[in-house]
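The values are calculated or read from the model by the stated rules, or taken from the named source; none is laboratory data. Quick caveat: nothing in here was measured; it's all calculated off a predicted structure. All Cβ positions, glycine included, derive from the backbone under ideal geometry; neighbour counts span all protein chains shown. Accessible surface is based on the protein model in full, side chains and every heavy atom, while ligands, DNA and RNA are left aside. Shrake-Rupley method; radii C 1.70, N 1.55, O 1.52, S 1.80 Å.
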Amino acid sequence: MSRASVAAKRAMDLALTLAALPLALPLMALIALWVRLDSPGPALFRQQRVGRGGRLFRIHKFRTMHVDEAHGAQITTAHDARITRAGRWLRRSKLDELPQLIDVLAGNMSLVGPRPEVPRYMALY
């Protein structure tokens with residue numbers, strides 16, 4: 001990608017994220033409350049991921065698993081017992097990924113592009 005197209009993509013990411021955040025923040029606050037009421041622990045889950053150019057960053061998502069059990073296997077199945085009731089719905093609806101707007105705003109992610117992967121799996125490429 002040329003520098004101009006990277007800059008244009010970044011400008012589009014910023015414009016869309018800044019437009020979406022005021023609309024998404026009230027919903028995000030309600031989801032955060034629901035996650036906290038559904039099971040003990042923080043509302044947000046953070047995990048190290050590999051971004052563009054191999055740069056490491058911490059991704060933000062709503063927590064969908066029980067805190068004590070979230071440190072197990074990094075791959076989950078649809079009926080994984082570690083997933084909370086709220087987490088099942090959030091994963092199905094993809095609303096668990098709304099906090100990633102923070103990562104887009106910070107420049108760690110883009111709205112369109114490859115999925116940031118866990119370093120452990122990137123090491124296999």
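Brief remarks follow.
- Trypsin sites (Lys or Arg not before Pro), loop per DSSP, at most 14 other Cβ atoms within 10 Å - longest free stretch of the chain: 1-54
- Accessible carbon and sulfur surface of the stretch 77-119 relative to its total accessible area, %, 1.4 Å: 60 percent
- Residues Met12 and Arg92, FRET efficiency given R0 of 30 Å [Cβ-Cβ distance, rounded to 0.05]: 0.60
- Charge-dipole axis of the chain as Lys and Arg at +1 and Asp and Glu at -1 on Cβ define it, positive-most pick from Leu14, Gln100, Leu44: Leu14
- The chain: angle of helix 3-38 to the longest principal axis, Cα-based, in degrees nearest 10: 10 degrees
- Positive minus negative residues near Ala32 (Lys, Arg vs Asp, Glu; Cβ under 15 Å): +1
- Semi-axes of the equivalent ellipsoid for the stretch 1-113, Cα gyration tensor, largest first, Å: 28, 17, 11
- Neighbourhood charge, 13 Å Cβ-Cβ cut-off, centred on Ala106 and excluding it, Lys, Arg +1 and Asp, Glu -1: +4
- Exposure ranking of Asp38, Asp68, Asp103 by accessible area [1.4 Å probe, largest first]: Asp68, Asp38, Asp103
- Shape analysis of the stretch 17-68 places it in the oblate category; the axes a ≥ b ≥ c from the Cα gyration tensor give an a/c of at least 1.5, with a/b not above b/c.
- Value of [θ]222 nm, deg cm²/dmol, for the chain, DSSP H segments ≥ 4, -39500 (n - 2.57) each, nearest 500: -14000 deg cm²/dmol
- Residues whose amide H comes within less than 5 Å of that of Thr84, counting only those at least five positions distant or on another chain, are Met65, His66 (H built at 1.01 Å from N in the peptide plane).
- Under the convention that each Lys and Arg Cβ holds +1 and each Asp and Glu Cβ holds -1, the size of the dipole of the chain around its Cα centre is about 260 debye.
- Label zone (Val112, point 7 Å along Cα-to-C-beta; backbone nitrogen cut-off 17 Å) within the stretch 1-38: 1-20.
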